[in-house]
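Student: Here it is, the structure, as structure tokens.
Where a number appears in this text, it was derived from the coordinates with a stated rule and is not lab data. For clarity, every value in this text was computed on a predicted model and none was experimentally measured. Cβ coordinates were reconstructed from backbone atoms using ideal geometry, including for glycine residues, and neighbour counts include every protein chain displayed.
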Amino acid sequence: MRLATAIGGTTIVMWSTLAVLTALSGAVPPFQLVAMAFSVAASLAITKWLVRGEGIRGRFRWPLAAWLVGVGGLFGYHVFYFLALRTAPAVEANLLNYLWPLLIVVFSALLPGHRLRWWHVAGTLAGLAGTALLIGGGSGDGGFGFRGEFALGYAAGVAAAVTWAAYSLLSRRFAHVPTDAVGAFCAATAVLAALAHLAFETTVWPRGGEWLAVLAMGMGPVGAAFFTWDYGVKHGDIRVLGAAAYATPLLSTLLLVAVGEARPTLTLAMACALITGGAALAASEMLFPGRRSDRHGAPGA
């Protein structure tokens, strides 16, 4: 379980590069960018199947329920997230979106063989507080507030959080479906995103080095990341992954600081302490193996 959790944890590092890569990709519209990035991910998966002599047709033969969860999670999340960003201020939209790690930790108690302990909840709440501080501190007035005229955007932000949490939790119910299936789900998501782009957006092609950013996106945060997350949530400790996911906005901000797109502040330092401390607390069973756990991740007697 520890290896699977560690593999799932690499997703957080990859997701943290998304903001920088998005900025480097130029003015490509959101759905077009999703379609292009997921096309790269699907192409890499198909190439792997061909090189290994595996039948492509067989890689698209999965139970209908698995298709609904996989495509519904990947495509549905991006639809709600972009809708939230377009119809509500980015600060509030991002904060509501980042309820999904909290939802994962809380509702993981409903999974067979799992028990929710106080350190899982406390660590996740600390991560949520750090994320709120991080996102709120980046707004124009140093804070945030919810307003009625942005109700649609707020609802979309919550829907994005619920969708990704549900996708992550339900994926565990399909542990018998191999992670390779994500390649098929990426292909379907690319098609749906392309259709949404044609319906709602004007095409803007990347220029020069912007193509490299799109390629890197499809290979990392909007590609390999979904394979490692799938493996992690199916075979690792989903409570630890949920709590650790709050490191994504932190690492993303630190990366922006490193490339000169943001500046270090006291707020960033405080958010860092809350998020990393919360993640360490939630993962204390794994960080300190002296604390005995059963094979499901619940402490033994």
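Student: DSSP H helices in the chain with Cα extent of 18 Å or more along the helix axis and mean Kyte-Doolittle hydropathy at least -0.5?
Tutor: 2-15, 30-51, 64-87, 118-137, 151-172, 181-200, 266-282
Student: How would you order 171-183, 22-34, 199-211 from highest to lowest mean count of nearby Cβ atoms within 10 Å? List each step's numbers first, then the result.
Tutor: On the way: 171-183: 17.8, 22-34: 19.5, 199-211: 11.9.
So the peptides 171-183, 22-34, 199-211, ranked by packing, come out 22-34, 171-183, 199-211.
Student: Based on alpha-carbon centroids, what's the gap between segment 45-98 and segment 144-204 in Å, whole number please?
Tutor: A separation of 6 Å, based on Cα centres.
Student: Give me the net charge of GLY183's neighbourhood, meaning all other residues with Cβ under 14 Å from the Cβ of GLY183; Lys, Arg count +1, Asp, Glu -1.
Tutor: Result for the local shell: +2.
Student: Which value at 222 nm does the chain reach when only helices count, each DSSP H run of 4 or more adding -39,500 (n - 2.57), with the total divided by all residues and rounded to the nearest 500 deg cm²/dmol? Could you put the intermediate results ahead of the total?
Tutor: Values: 15 runs with 206 residues, N = 301.
Value at 222 nm, helices only: -22000 deg cm²/dmol.
Student: Decide, for segment 1-131, between rounded, prolate and oblate: order the square roots of the alpha carbon gyration tensor eigenvalues as a ≥ b ≥ c, take rounded if a/c falls under 1.5, and otherwise choose prolate if a/b is larger than b/c, else oblate.
Tutor: Since a/c reaches 1.5 but b/c is at least a/b, the shape of segment 1-131 is classed as oblate.
Student: Among 270-277, 119-126, what's the highest-first ranking by average C-beta atoms within 10 angstrom per residue?
Tutor: 119-126, 270-277
Student: Taking only Cα atoms and a 10 Å spring cutoff, compute GNM fluctuations for the chain and point out the largest among PHE185, PHE226, PHE150.
Tutor: PHE150
Student: Is segment 2-287 rounded, prolate or oblate when judged by the Cα gyration tensor, a ≥ b ≥ c being the square roots of its eigenvalues, rounded requiring a/c under 1.5 and prolate requiring a/b larger than b/c?
Tutor: Since a/c reaches 1.5 but b/c is at least a/b, the shape of segment 2-287 is classed as oblate.
Student: Would you mind counting up the charge near ALA88? Only other residues with Cβ under 10 Å from its Cβ, with Lys and Arg at +1 and Asp and Glu at -1.
Tutor: Values: positive: ARG86, ARG147; negative: GLU92, GLU149.
Combined, the nearby Lys, Arg, Asp and Glu give 0.
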